[in-house]
Amino acid sequence: MHRRTVLKGALATGLVTTLPRLATADPLTLTAAPGEAPLVVPDGPATKAWLYNGTAPGPVIRARQGDTLNVTVQNDLPEPTTVHWHGLRVPVSQDGMPFLSQPPIAPGDSFDYTLPLHDAGTFWYHPHVNSSEQVGRGLHGLLIVEEPPEIAARLQADREITWALDDWRLDNDAQIAPFGNRHDQSHGGRTGNVLTVNGTYLTRTLVRSGERLRLRICNVSNAQHFHLKFAPFDPWLISLDGHPVAPRKLGDSGVWLGAGQRADLILDIDMAPGTPARVIDDAYGPDRAFEVMTWEVSDEPPLREAPLGPPEALPPNPVAQPDLANAETHTLTFDGGAMGSMAEAMMEGKMLSIQELAQAGRFWSINGTVPAHLHDTEPLLRLALGKSHRITLENRTRWPHPIHLHGHSFQLTDPRAGNIATLRDTALLMPDETVEIALVADNPGKWMLHCHILEHQASGMMGVVEVA
């Protein structure tokens, strides 16, 4: 099923689903297990998938900034798993990296995570064992850390909506296509042909004229990048990767979300009752643009006649600010992939040609090295604990790479168009692009750094950053 063909087919009749909320009893339980999900149309064939608590995406976990979240993960899958809490600055023992921070959770076993919630914002959770397949089969969910009520009230939002954006590679029977494609690994990753919002295909959301929405968006896909356009609405951008930004209108620029990235928007419904409007993604050019979902403005009288003013900025999260003038400097160079210039790289102490690397299923390198087993590899960087560091990220490939660092948030010091200088945990590097990030290395341990195109990660674009 080709995406453009599918998207011009019959519309699903249901409204966008509201994901189940996991009650914040102590502890919470997430059970990973095989199941079925009605991804394409409600009355169509169910897709055999892997689910958290019976749904794909899994339930939205909600907690309050400053709390400690306790989650028991039960593994009822046929293979080991873990859970990584993407964007949370947790102790390394709770990070969910197999062997590097914990033993994998064997089938039938469980693991108890204890997560201090320092930062308010939109985060998410997913496995880090066989990540490409486990995430691609449906194992992911949103984690919302709420601000205190008096702070959230400053936004004047009437309600909140969460979107988990995913694309699935399905066959004509709506079943998940096989994994392990070498083309995916060496090119742009595993992109799909069916787009879902909260596990629902071709969705529509009913809204009311005059209301204000807080929209939390997370890109949970394996490899897809989104460039979302909201015209005729013009939302306010208020947060990226869980960290507040000075509110600004998106205008015609839209918002970019690489795999793993998030954005919070304030959307004022300023259209007349009965009016439809579409959200469009054109990340791959206007000729390949497609509809993500449709807003449907109800026939109810407007909630308010006069529009609200700009939302107040949310207070910053308690992340240490780097001292740029006295920071230590480092460089990470990303190389390889189809149409690239990488001729060789070091793996397990041996310099291997690109042909030998390809035979081993490795197509990418960082600083000329390819890990065979992450927990046995030498760190890419050793960062002095408590010190400021500036890290140049150099993309020498022909492909975009959303680079994610575990355990820390960093600041982009050289903002580009559409990417403002703010705290992030995932930096989207476009082909042949170089950016600089800066951080205070204040979370000790061995942390994974990797491309969040999960097929790139699995085939070499990953490494360890040690903070000590």
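The values are calculated or read from the model by the stated rules, or taken from the named source; none is laboratory data. The model shown is predicted, which means the values in this text are computed figures rather than measured ones. Don't worry about glycine lacking a Cβ; one is built from the backbone with ideal geometry, like all the others, and counts go over all protein chains shown.
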Quiz item: Mind checking which pairs have a first residue in the range 93-105 that is free of Cβ contacts under 8 Å to residues at least 60 places away in the same chain and a second that is surrounded by fewer than 18 Cβ atoms within 10 Å (Cβ to Cβ), Cβ under 7 Å, 6 or more apart or different chains?
Solution: 94/114; 102/93; 104/80; 105/80
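Give 205, 191 a once-over and let me know the one that is assigned to a strand (DSSP E or B), of a type in the set (Val, Ile, Thr) and in contact (Cβ under 8 Å) with a residue 12 or more places away in the chain.
Exactly one of 205, 191 is assigned to a strand (DSSP E or B), of a type in the set (Val, Ile, Thr) and in contact (Cβ under 8 Å) with a residue 12 or more places away in the chain, namely 205.
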Quiz item: Identify, please: which residue in the range 16-59 is in contact with a Ser or Thr (Cβ under 6 Å, 6 or more places away or on another chain) and part of a strand (DSSP E or B) and is, among those, modelled with the lowest pLDDT?
Solution: 37
Self-check item: Any hit, the range 158-179, residues being under 23 Å from residue 39 (Cβ atoms), buried (at least 23 other Cβ atoms within 10 Å of the Cβ), assigned by TED's automatic domain parsing to the domain that holds residue 30 and modelled with pLDDT of 95 or more
Solution: no
Quiz item: Can you spot a residue in the range 333-353 that is out of contact with any strand residue (DSSP E or B) (no Cβ under 9 Å at 6 or more places or on another chain), over 21 Å from residue 447 (Cβ atoms) and not in a loop (DSSP other than H, G, I, E, B)?
Solution: yes
Quiz item: Residues of the range 149-179 being touching a residue at least 40 places away in the same chain (Cβ under 8 Å) and assigned to a loop (DSSP other than H, G, I, E, B), which ones?
Solution: 156, 157, 158, 171, 172, 173, 174, 175, 179
Quiz item: Within the range 280-296, can you find the residues that are in contact with a Lys or Arg (Cβ under 7 Å, 6 or more places away or on another chain) and either hydroxyl-bearing (Ser, Thr, Tyr) or not in a loop (DSSP other than H, G, I, E, B) (or both)?
Solution: 280, 290, 291, 293, 294, 296
Quiz prompt | The listed residue being touching a strand residue (DSSP E or B) at 6+ places or on another chain (Cβ under 8 Å), surrounded by 21 or more Cβ atoms within 10 Å (Cβ to Cβ) and part of a strand (DSSP E or B), out of 404, 330 | solution = 404
Quiz item: Only one residue in 466, 455 is surrounded by 24 or more Cβ atoms within 10 Å (Cβ to Cβ) and over 18 Å from residue 333 (Cβ atoms), so which one is that?
Solution: 455
